[in-house]
Amino acid sequence: MSRADRGRNVLVDSPADVDAGLVDVEPPAASQAPAPQPSARADTDAWGTDPYANALRNGHGPLFLRRTDGWLLPLDVERWCAGADAADLSALRRCEGPVLDVGCGPGRLVAALASRGHRALGIDVSEAAVARTVRLGGYALRRSVFDPLPGEGRWGTVLLADGNIGIGGDPDRLLRRAAELLAPGGLLVAETVPHDLDERVRVRLDDGRAPDGRAADGLFPWARLGSSALLGYARPHGLRADGQWEADGRAFVALRRSRSVRTANQSADSRNSAAVVSSQFPRNTSGDSPLAGS
């Protein structure tokens with residue numbers, strides 16, 4: 001990333017680009033930053049027959065997660081495509097230092113974090129989601145959370161909002177990965193279902209248009225967890241409860257990574273760069289003691 005590029009928002013294609021420039025720059029003011037245009041590839045590929053991409057383009061559903069038994073979970077596309085609401089802000093006030101929003105969707109949380117002065121990066125496997133995040137003035141990278149990512153072991157906060165604790169259908173694996181991404185003492189802020197649940201299923205995205213004969217197409221693993229189940233999966237990975245709350249019927253948990261736990265991914269190189277990156281972390285970004293998925 002050139003020095004000129006570092007002063008404006010970009011749709012990021014390379015983790016190295018972000019590691020070199022994103023985490024150590026101040027976010028541009030949303031009112032001053034020009035809205036970058038998605039690439040031609042994003043226009044032609046992202047806005048195709050994918051029901052999720054179409055929902056983001058239109059700004060509304062219907063959109064569901066459909067289990068193999070036919071049960072439907074409505075997805076709140078309208079809320080995702082609006083600005084951050086009061087429940088979102090209850091989570092964002094918890095965020096510390098550079099923030100990684102996992103499964104950022106159309107980018108409302110990344111944009112809200114930037115407006116609060118945070119350096120924030122959204123990641124999502126959907127090209128349509130990344131393109132929309134960029135148009136809001138945020139930084140975004142098209143990656144899975146399980147791919148190599150910039151700043152591993154140095155993020156101040158990892159966000160798993162909008163049901164994204166379900167990503168991969170394996171909460172143990174996802175929480176282990178979140179712990180790898182966090183700096184020692186960093187914070188994981190996760191949204192859970194507001195009742196006791198620990199469910200692993202296979203689902204597909206459904207906008208009601210696919211014929212019944214395609215019910216098995218596009219299946220992927222997903223999980224839904226209540227707060228108590230999340231805490232149980234988190235403990236073995238050095239993540240300890242730092243707060244639980246509800247806002248507007250949504251449930252959240254904050255988990256603090258132990259300062260003494262080191263993960264396998266923290267190489268000598270990342271340790272050598274820790275002093276440089278830690279100097280960029282805001283010393284006190286919390287105003288007080290912060291889903292369904294993208």
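The values are calculated or read from the model by the stated rules, or taken from the named source; none is laboratory data. Fair warning: this is a prediction, and the values are worked out from it, not measured in the lab. Note that each Cβ is placed from the backbone with ideal geometry, even for glycine, and that neighbours are counted across all protein chains shown. Please note that ligands, DNA and RNA were not included when accessible areas were found on the heavy atoms of the full protein model with its side chains. Shrake-Rupley method; radii C 1.70, N 1.55, O 1.52, S 1.80 Å.
Structural remarks
- Pairs meeting the criteria (first residue in segment 150-163 and over 17 Å from Ser90 (Cβ atoms) and among the polar types (S, T, N, Q), second residue open to solvent by 10 Å² or more (accessible area, probe 1.4 Å) and in a loop (DSSP other than H, G, I, E, B), beta carbons under 6 Å, at least 6 apart or on different chains) are lacking.
- Screening Gly138 on (1) within 30 Å of Pro184 (Cβ to Cβ); (2) in contact with an Asp or Glu (Cβ under 6 Å, 6 or more places away or on another chain); (3) open to solvent by less than 10 Å² (accessible area, probe 1.4 Å) shows it passes everything except condition (2).
- Any pair with Cβ under 8 angstrom, 6 or more apart, that starts in segment 90-114 at a residue that is open to solvent by 10 Å² or more (accessible area, probe 1.4 Å) and ends at one that is among the aromatic types (Phe, Trp, Tyr) and at pLDDT below 95: Glu96/Phe281
- Residue check for Gly226: open to solvent by less than 70 Å² (accessible area, probe 1.4 Å), over 30 Å from Val77 (Cα atoms) and at pLDDT 95 or above: no
- From the list Asp212, Asp207, the lone residue that is at pLDDT below 95 and surrounded by 15 or more Cβ atoms within 10 Å (Cβ to Cβ) is Asp207.
- Count of segment 25-77 residues which are at pLDDT below 50 and either open to solvent by less than 70 Å² (accessible area, probe 1.4 Å) or of a type in the set (Ser, Thr, Tyr) (or both): 15
- The single residue among Glu152, Glu191, Glu180 that is within 17 Å of the chain's Cα centre (by Cα) and part of a helix (DSSP H, G or I) turns out to be Glu180.
- At least 2 residues being within 12 Å of the chain's Cα centre (by Cα) and not acidic (Asp, Glu) is the threshold, and among the strands (runs of 3 or more DSSP E) wholly inside segment 63-141 those reaching it are 99-102, 120-124.
- Residue within segment 152-173 that is farther than 20 Å from Asp50 by Cβ, open to solvent by less than 20 Å² (accessible area, probe 1.4 Å) and out of contact with any strand residue (DSSP E or B) (no Cβ under 7 Å at 6 or more places or on another chain) present: no
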